[in-house]
1. Would you mind telling me which numbered condition in (1) within 16 Å of the ligand (Cβ to nearest atom); (2) charged (D, E, K, R); (3) assigned to a helix (DSSP H, G or I); (4) under 22 Å from Pro13 (Cα atoms) Lys62 fails?
2. What's the number of the only condition in (1) in contact with a Gly (Cβ under 8 Å, 6 or more places away or on another chain); (2) more than 11 Å from the ligand (Cβ to nearest atom) that Thr130 fails to meet?
3. Given the options Tyr23, Tyr80, name the one that is touching a strand residue (DSSP E or B) at 6+ places or on another chain (Cβ under 7 Å) and within 23 Å of Leu141 (Cα to Cα).
4. If I ask for residues that are farther than 24 Å from Lys148 by Cα, outside any strand (DSSP E or B) and in contact (Cβ under 8 Å) with a residue 40 or more places away in the chain, which ones from the range 1-39 would you list?
5. Does Gln152 qualify as being more than 15 Å from the ligand (Cβ to nearest atom) and more than 30 Å from Arg52 (Cα to Cα)?
6. Can you run down the residue pairs with Cβ atoms below 8 Å, 6 or more apart or on separate chains, where the first is in the range 95-117 and within 28 Å of Glu181 (Cα to Cα) and within 11 Å of the ligand (Cβ to nearest atom) and the partner is aliphatic (A, V, I, L, M) and part of a loop (DSSP other than H, G, I, E, B)?
7. When only residues in the range 65-85 that are in a loop (DSSP other than H, G, I, E, B) and within 16 Å of the ligand (Cβ to nearest atom) count, which is surrounded by the most Cβ atoms within 10 Å (Cβ to Cβ)?
8. Of all residues in the range 1-34, which are surrounded by fewer than 20 Cβ atoms within 10 Å (Cβ to Cβ) and polar (S, T, N, Q)?
Amino acid sequence: MININILSGTDRPNSNALKVSTYVAELFREKDVITEVHSLEDFPLKDVAGGRYGDDIPSVKKFNEGVLSGDGLVIVTPEYNGGFPGILKMFIDYLPFPKAFEKYPLCFIGEADGYFGALRPVEQLQAIATYRKAHIYPERLFIPRVNKEFDQEEGLRDDFKSELLQSQVEGFIRFTDQIKEMELINN
Ligand SMILES: Cc1cc2nc3c(=O)[nH]c(=O)nc-3n(C[C@H](O)[C@H](O)[C@H](O)COP(=O)(O)O)c2cc1C
C-alpha cells in the first residue's frame, strides 16, 4: 500500500487549490492509495516571523513531517503574479536542507484564472525540485479558467482534461511505487 499526500499551495481562505486538492485526493483513494490533504493555511507562519531560517521550530517541523510523511507528494499551485504563492516558497525554504525532496517523488498540478493554467508556477516549482534533487513526475496538469472549468463535486468539465488528470493520478501511483521499490532494493 502506498501513501501519497497532497499539498494545497496557498494560504488563501476558500482557495481553488484546496478544492482541487480535495477532489484529487478522492481520485487517489479510489485507487486504494492512502492520501491526506495538507494546506498551507496551516503553515505556522507566525512562528517563522523575523527570519528563523535554520532554527529548530517544533511547529514547522510537525507541519513539514506531515506533508512529507507519504511515499510521494502532489503539489497543487495557483498562479499569483506569474509565479507560485510566496507562502509556498516559505514552506520550501523552511524544509530541512539538503535532505528534504531528495529522491522524493513529486507531481504538479497548476490552476489559475488565466489561459495557461499556472504553467509558469509549475515550471518554476519544477526548477526548484530539480535543484533539490527530487524525482519529478513528468506529466503535469494545468487547469486554466479554473472557476469555469472546475467544480468541486464533479471535477474537470473538459473531458480531455479529465482524462489527463486520471492518467496523471494512475501514472504517479506507478511512478511512486516503482521508486519506493527501487529505494528498498538499493538500501
Ligand atoms: C495575488 C493574486 C495574484 C494573481 N495573479 C494571477 C496571475 O498572474 N495569472 C493568473 O492567471 N491568475 C492570477 N490570479 C488569479 C488566480 O490564479 C486564480 O484566482 C486562482 O484560482 C487562485 O487560486 P486560489 O483560489 O487557489 O488562491 C491571481 C490571484 C491572486 C489572489
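No value in this document is a laboratory result; all are computed from the given coordinates. Every value quoted in this text rests on a predicted model; they were computed, and no experiment measured them. Because the Cβ atoms are built from the backbone with ideal geometry, glycine has one as well, and the counts that use them run over all protein chains shown.
1. Status for Lys62: all satisfied but (1).
2. (1)
3. Working: Tyr80 fails: touching a strand residue (DSSP E or B) at 6+ places or on another chain (Cβ under 7 Å).
It is Tyr23.
4. The first filter runs over the range 1-39 and keeps only residues farther than 24 Å from Lys148 by Cα, leaving 1-5, 29-36, 38.
This time we only want the ones that are outside any strand (DSSP E or B), so: 1-2, 29-33, 35-36.
Hits for the range 1-39 are Ile2, Lys31, Val33.
5. no
6. none
7. Just the residues of the range 65-85 that are in a loop (DSSP other than H, G, I, E, B), to begin with: 68-71, 79, 81-82, 84-85.
Among the residues that remain, those that are also within 16 Å of the ligand (Cβ to nearest atom) are: 79, 81-82, 84-85.
On the way: Glu79: 24, Asn81: 9, Gly82: 12, Phe84: 26, Pro85: 21.
Filtering first and then ranking leaves Phe84.
8. Hits for the range 1-34 are Asn3, Asn14, Thr22.
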